[in-house]
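Below is one structure; the comments refer to it alone.
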Amino acid sequence: MRLLLRLIVAAGLAVDAVVHWRFAPDMAYVEGGSIGGDALFRAQAVLAAAVGLLSLAYARRWTYALAFLVAGNAIGALLLYHYVDVGALGPLPNMYDPAWYGDKTLSLVGEGAAALAALAGFALSGTRRVPDRTREPAA
């Protein structure tokens, strides 16, 4: 079960990384802010890929927590900028995009699967087998 959760987390974050990397050049022309949209998308892609690899290599609570934060942040940003035109926020450009298309759906599904699997992995990695010391050893 834990291996399956690690694979789901890594696969979901891989989808997130690929979609963000592919769309980064298109985000270079987003207006506002001092940080380019292309830089944000590339940073998300690199972060998602790195955390995905970490979650494959180490099944620890901290890697699951990190994966949840990365995937959850991506979901939050996607939904916020889809439904609300917040404009430029400090150094962040105006990323409002009310259109819905296949790659956006693919990204949302990957991020959602990664977030849910990371949450489950976090919960399961806190449980450890404790030896039953109430039984007497066999003679």
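Going through Ala28, Ala71 one at a time, which residue ends up being crowded, with 19+ Cβ neighbours inside 10 Å, at negative phi and out of contact with any strand residue (DSSP E or B) (no Cβ under 6 Å at 6 or more places or on another chain)?
Only one candidate passes the filter, namely Ala71.
Could you tell me which numbered condition Ser55 fails, if it satisfies all but one of (1) among the hydroxyl-bearing types (Ser, Thr, Tyr); (2) assigned to a helix (DSSP H, G or I); (3) more than 12 Å from Val9 (Cα to Cα)?
Tallying (1) among the hydroxyl-bearing types (Ser, Thr, Tyr); (2) assigned to a helix (DSSP H, G or I); (3) more than 12 Å from Val9 (Cα to Cα), Ser55 fails exactly one: (3).
Every residue in segment 101-110 that is exposed (fewer than 15 other Cβ atoms within 10 Å of the Cβ) and over 18 Å from Val51 (Cβ atoms), please.
Once the filter is applied, which keeps residues that are exposed (fewer than 15 other Cβ atoms within 10 Å of the Cβ) and over 18 Å from Val51 (Cβ atoms), segment 101-110 yields Tyr101, Gly102, Asp103, Thr105, Leu106.
This table checks each residue for (1) more than 30 Å from Ala59 (Cα to Cα); (2) surrounded by 18 or more Cβ atoms within 10 Å (Cβ to Cβ); (3) free of Cβ contacts under 8 Å to residues at least 24 places away in the same chain; (4) within 11 Å of the chain's Cα centre (by Cα).
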position	(1), (2), (3), (4)
Tyr81	yes, no, yes, no
Val84	yes, no, yes, no
Gly87	yes, no, no, no
Pro91	yes, no, no, no
Asn94	yes, no, no, no
Ala99	yes, no, yes, no
Gly112	no, no, no, yes
Ala118	no, yes, no, yes
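Every number in this text was worked out from the coordinates using simple rules, so none of it is lab data. Because the structure is a prediction, the values reported are computed rather than measured. Positions of Cβ are generated from backbone atoms using ideal geometry, with glycine treated the same way; all protein chains shown enter the neighbour counts.
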